[in-house]
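Read the figures in this text as sums done on the coordinates, not as results from a lab. Here the structure is a predicted model, which means the values were calculated and not measured. Cβ sites come from the backbone with ideal geometry, for glycine too, and all protein chains shown count toward neighbours.
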Amino acid sequence: MYAKCAWKKYSSTDLEKVFKFNEEYKDYITKGKTERKCVDEAVKLAESYGFKPLASFEKLVPGDKVYVTNKGKNIACFVIGNKPVEQGLRVLGAHIDSPRIDIKQNPLYEKNGFALLDAHYYGGIKKYQWVTIPLALHGVVCKKDGTIVDVCIGEDANDPVLGITDLLIHLSADQMQKTGAKVIEGEDLDLTMGNMPLEGEEKDAVKANVLKLLKEKYDFEEEDFISAELEIVPSGPARDYGLDRSMVAGYGHDDRVCAYTSLRAVLDAGACEYTTCAILVDKEEVGSIGATGAHSKFFENTVAELINLTTDYSELKVRHAMENTKMLSSDVSAGFDPLYAGVNDPKNAAYLGNGICYNKYTGSRGKSGCNDAMPEYMAEIRKVMDENNINYQTAELGRVDQGGGGTIAYILGNYNMNVIDAGIAVLNMHAPMEIVSKADVYEAYCAYKAFISKL
């Protein structure tokens, strides 16, 4: 009830800034269709601001700008502050994985004159949303000789697009009786690769032709699929949405919209009292597991490196640094959709155009799996937002017992640091095309920058 429409406060000069920032964001998510590509683009951006790899430093002093990557799927950018790292950092943490469809290890097969790739979906999706739309194939193929081949099919204007078929309505009487969860089965999310047989081949000639084309363009064999990481994502660039161009339509707003705004906030803020950090992680959509998820020791180990390069190292200083850190878990919120108003508590919903959204807790079924931030911490953040004229709102993820979800907040909270979820309202979350407000994107960027420099 305290939220106000951000659009109403902008002057013509402000509007220019809002739209310019969003053009830069659209470019980022258009290029960053996978975690690896997001990291690649983040490295390019950081280096353009003068950031250098942490490994190139023998000692760190206030004002130094450093970055660290992890297995091509994480990046952490730091600006060393005036205060010792032991006194804590100001951290913006977001994830760069998004729901999608992954290719299996032994995927290519031929059936009834079609070559297809067998697939397994990643994260929470409505499977029926991914059929009959133009799709692209992105990823890497890692060969036994150590060569890594970058694959991208379906993005260039001269590329063919790929896709997953659906049953025609004329023959769908039985299909239409199924529930939404079953109308498209998980094992039917296979990608159509071709229909033309290779001349001179008798058995699996269409599959042979696809392998020939892949060999010509990317120089890999069928057995190399075993050590490949290939992702099926929507084809095409992010676009303006709405006649007034007030919104952005694109794939992967969850959570690359918070990743980009967090990264830009750290890059643009420069040196602050406390060491600042934007960390972009993987695997949030499947539980933040593995070497590149938020449960990994990557961030803790990197903080230990910072301690080692700024002062006399001790394990206790690392623990103090983690405990004294203040963090925003930069993740999106479920935007209020007037067509589906019944799933929300209107007083505690996130509205597009009202600015950055703070979620004191997420979770489901009695706040299960949530972080539930301290009210004292929320009061500190409110003060910074108000003093810097930043539009913000608070929300829950839907009505009680309607559903729910989680973020990385509780994982970092385990270090006894103050963490709260803070992000951008999204319509169509987890769909191939998600929607965000340009005003919210810009307000989040301003909020993140104020947080790391003022708190």
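Which part of the stretch 135-165 falls in the paramagnetic zone of residue 31, meaning amide N under 19 Å from the point 7 Å along Cα-to-beta-carbon?
137-140, 150-158
Quick one: length gained pulling residue 222 to residue 337 fully straight, 0.36 nm per residue minus the C-alpha distance?
Extending this stretch completely gives an extra 36.9 nm.
Near residue 222, within a Cβ-to-Cβ distance under 15 Å, what is the net charge of the other residues, with Lys and Arg +1 and Asp and Glu -1? Display every interim value, and only then the final one.
Numbers: positive: 104, 143, 144, 203, 207, 212, 215, 217; negative: 110, 118, 201, 204, 216, 219, 221, 223, 224.
Cβ neighbours under 15 Å give a net charge of -1.
Among 77-84, 233-240, 420-427, how do they line up from the highest to the lowest mean number of other beta-carbon atoms within 10 Å? Provide the component values of the computation, followed by the final result.
Details: 77-84: 21.1, 233-240: 19.2, 420-427: 26.8.
Per-residue Cβ counts within 10 Å, averaged per peptide and sorted highest first, yield 420-427, 77-84, 233-240.
Could you name the aspartates and glutamates whose alpha carbon sits less than 14 Å from that of residue 347, not counting residues in the same chain fewer than 8 places away?
Straight-line reach from residue 347, under 14 Å: 337, 396.
Can you compute the charge dipole magnitude of the stretch 118-275 about its Cα centre, using +1 on each Lys and Arg Cβ and -1 on each Asp and Glu Cβ, nothing else charged? Give it in debye, rounded to the nearest 20.
In debye, rounded to 20, the stretch 118-275 gives about 520.
Treating the beta-carbon of each Lys and Arg as +1 and of each Asp and Glu as -1, no other charges, what is the dipole magnitude of the chain about its Cα centre, to the nearest 20 debye? Working shown, then result.
On the way: 51 positive and 67 negative charges, 296 e Å.
In debye, rounded to 20, the chain gives about 1420.
Return the percentage of antiparallel bridges among DSSP beta bridges fully within the chain, rounded to the nearest 5 %.
The answer is about 70 percent antiparallel.
So for the pair residue 316, residue 372, with labels modelled 7 Å out along Cα→Cβ, what separation do we get in nm?
Each label point is offset 7 Å from its Cα along the Cβ direction, giving 3.2 nm.
If we sort 154-162, 410-418, 254-262 on the protection proxy, mean other Cβ atoms within 10 Å, highest first, what's the order?
Values: 154-162: 12.8, 410-418: 18.1, 254-262: 29.8.
Ranking the peptides 154-162, 410-418, 254-262 by packing returns 254-262, 410-418, 154-162.
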